[in-house]
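The values are calculated or read from the model by the stated rules, or taken from the named source; none is laboratory data. Predicted model only: the values in this text are computed from it and were never measured. In this analysis, Cβ positions are derived from the backbone assuming ideal geometry, glycine residues included, and neighbour counts consider all displayed protein chains.
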Amino acid sequence: MSCTVEEDLTAYVDGELSMVEAARVRSHLAACAGCRLTEALLRRTMAEVAMLPAYEPSPALRRRVLAEVEALPRPWSERVRRWLSPGALAPAGVALAAAAVVAVVVGQRTAAERRQELAVAENYELLTDYELVGLAPGDLEVVEHLDQLLKEGHP
Amino acid sequence: MLRVAAGDTAAFAALYDRHHRSVARFAHRFVQDAGKAEELTQDIFVKVYRHAGRYRPQARFRTFLFRVAANHCLNEVRRGEYRVAHVSDHDEEGRALEMPAPEAQSPERAVEGRELEATVAAALQRLSARERTAFALCRFEGMAYRDIAEVLSASEAAVKSLIHRATLSVARAVDAWQAGARGPARSEA
């Protein structure tokens with residue numbers, strides 16, 4: 001077949017030509033018996049091919065595909081999303097809050113102890129002079145100003 | 001698809017359920033073998049999952065999916081991983097392939113259907129891999145030439161030519177089979 005529109009016949013039957021191109025093919029078909037035969041053959045074949053039953057994959061394929069995907073390493077975005085999910089975040093939050101409370105309590109006790117130790121160190125001389133033991137924080141203030149208090153008590 | 005890109009396997013399962021038949025059908029038309037078609041389908045979906053981040057929402061997902069599918073099938077055939085099988089009506093376990101349930105049609109129609117299937121499959125084997133891809137996407141998946149051009153990274157003019165050559169080739173094979181199989185039957189009637 002040597003018709004110039006032969007290459008366009010399948011696209012014509014498929015409705016893939018522009019209006020201008022389709023009009024040109026229609027006009028040619030009206031005058032060309034050979035192309036009309038080819039067009040009929042193409043239409044018949046397309047209809048028969050469309051009627052062929054489709055291949056149906058097995059249900060086992062789904063299990064295999066999902067198992068392979070599940071076994072792949074998770075992307076970072078998904079890992080972060082899982083870490084930030086409410087299920088993972090709630091226990092972590094409780095643990096974090098508990099740790100914060102412990103830290104504050106321990107920190108406060110340590111600060112108080114350190115203040116007392118500093119006061120003892122600063123007044124070490126006085127403590128040895130007056131042979132005081134088992135001082136409470138209030139006693140240190142008394143010891144620190146003992147000389148002044150004595151002066152005030154005995155002018 | 002964006003959820004799949006973020007590693008959401010439930011979203012991936014939904015995507016699989018929606019599209020696996022098309023992909024398996026395409027792969028089966030490509031290699032003409034049920035076992036190999038399922039291997040290819042599995043590879044294609046795992047590839048889609050792994051490369052989901054490359055998907056751009058402005059592209060149609062079906063086009064993206066068949067681009068992955070066509071490239072994978074073409075590459076595997078090119079590498080010699082898969083050879084187009086000889087056409088058979090049965091898989092390795094003897095299960096009938098591609099045929100509708102026997103009760104759905106008369107025995108004569110069932111035989112004729114199997115022969116037509118075998119004729120089309122044999123004609124597809126004689127096509128180039130790109131012609132076969134374009135034919136399968138057009139005839140069995142109903143894709144427009146524009147989308148097939150995108151799948152094959154080709155111009156629409158090239159796709160038009162591929163589809164025409166493939167369809168005409170299959171049409172002539174079917175015509176020859178009909179002339180041989182139906183002709184004598186008609187004359188006997």
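Among residues of the stretch B:35-62 being over 24 Å from residue A:73 (Cβ atoms) and surrounded by 18 or more Cβ atoms within 10 Å (Cβ to Cβ), the one that is farthest from the other protein chains (Cβ to nearest Cβ) is B:36.
In the stretch B:15-33, what residues are modelled with pLDDT under 90 and either more than 22 Å from residue B:118 (Cα to Cα) or within 9 Å of chain A (Cβ to nearest Cβ) (or both)? Within the stretch B:15-33, B:15, B:29 qualify.
Of the set (1) closer than 23 Å to residue B:133 by Cβ; (2) surrounded by fewer than 18 Cβ atoms within 10 Å (Cβ to Cβ), all apply to residue B:10 but (1).
If you check residue B:136 against the conditions, is it over 14 Å from residue A:11 (Cα atoms) and more than 9 Å from every other protein chain (Cβ to nearest Cβ)? Against the criterion (over 14 Å from residue A:11 (Cα atoms) and more than 9 Å from every other protein chain (Cβ to nearest Cβ)), residue B:136 qualifies. In a loop (DSSP other than H, G, I, E, B), under 15 Å from the mean Cα position of the chain (by Cα) and either modelled with pLDDT under 90 or surrounded by 13 or more Cβ atoms within 10 Å (Cβ to Cβ) (or both): does that describe residue B:76? Taking the combined requirement at face value, the residue does not satisfy it.
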